[in-house]
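To start, the structure itself, in structure tokens.
Quick note: the coordinates plus some simple rules give every number you see, no bench work behind them. No experiment lies behind these values; they were computed from the predicted model shown. Cβ atoms come from the backbone with ideal geometry, glycine included; neighbour counts cover every protein chain shown.
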């Protein structure tokens, strides 16, 4: 049933999908639907949890890859973003009536990412790329800052440079270690400063 809802949210949009349509497509009784889901909003949250579980599996595969530690960090963060086709579901979270759900999803993402990224940063410490302690706390700060900067608002080119410099200092990396991030950031929301 979640897969059916997921597909319908993608093709029709969350707002345009009625619970009755999901029930009909799933060929279940209305009572069965409400046994598992109290509301359409709960179903949306569980669809998003399903997406996060899939993204987490991709992130775990990146940890196992034979690529440099800084690229693993960026790969993991990037893997935890919705695909282009999943954008309508993500956009639903930014609507005013879903602000609480948006908060819960952000918290879950951070909770999922902290141990994954901590493992990679620890690998970087072992390899001598990073020099830091309190890794989980540093990872949490990086996630909060990057989410606030790149997902929640507009930013400037200088913001990107400061973010890169801050990331290097946060993990005790040599200057320039994380410069490659600049080319990976989607600059479509970037403010142009005259």
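Tell me the angle of helix 69-79 to the major Cα principal axis of the chain, expressed in degrees between 0 and 90 and rounded to the nearest ten. Between the helix axis and the principal axis of the chain, the angle is about 20 degrees. Under a 10 Å cutoff between Cα atoms, tell me which one of 19, 69, 112 has the largest fluctuation in the Gaussian network model of the chain. It is 19. Would you mind checking the tilt of helix 135-150 against the longest principal axis of the Cα atoms of the chain, expressed as 0 to 90 degrees and rounded to 10? With both axes taken from Cα atoms, the answer is about 70 degrees.
Each of 3, 108 was scored by other Cβ atoms within 10 Å of its Cβ. Listed from fewest to most, they are 3, 108.
Residue order for 86, 165, fewest other beta carbons within 10 angstrom first, comes to 165, 86. By the helix-only formula, in which each DSSP H run with n ≥ 4 contributes -39500 (n - 2.57) and the sum is divided by residues, the chain has a 222 nm mean residue ellipticity of -22000 deg cm²/dmol.
Translational diffusion of the stretch 40-189, estimated by Stokes-Einstein from the Kirkwood radius over alpha carbon pairs at 25 °C in a medium of 0.890 mPa s, is 151 µm² per second. Distance between the modelled labels on residue 141 and residue 63, one decimal in nanometres: 2.3 nm (7 Å Cα→Cβ projection).
Taking label positions 7 Å along the Cα-Cβ direction at both residue 85 and residue 35, the computed distance is 3.1 nm, reported to one decimal.
Sorted fewest first by neighbouring Cβ atoms within 10 angstrom, 8, 58 come out as 58, 8.
Calculate the FRET efficiency for residue 133 and residue 12 from the Cβ-Cβ distance with a Förster distance of 35 Å, rounded to the nearest 0.05. Given R0 = 35 Å and the Cβ-Cβ separation, E is 0.10.
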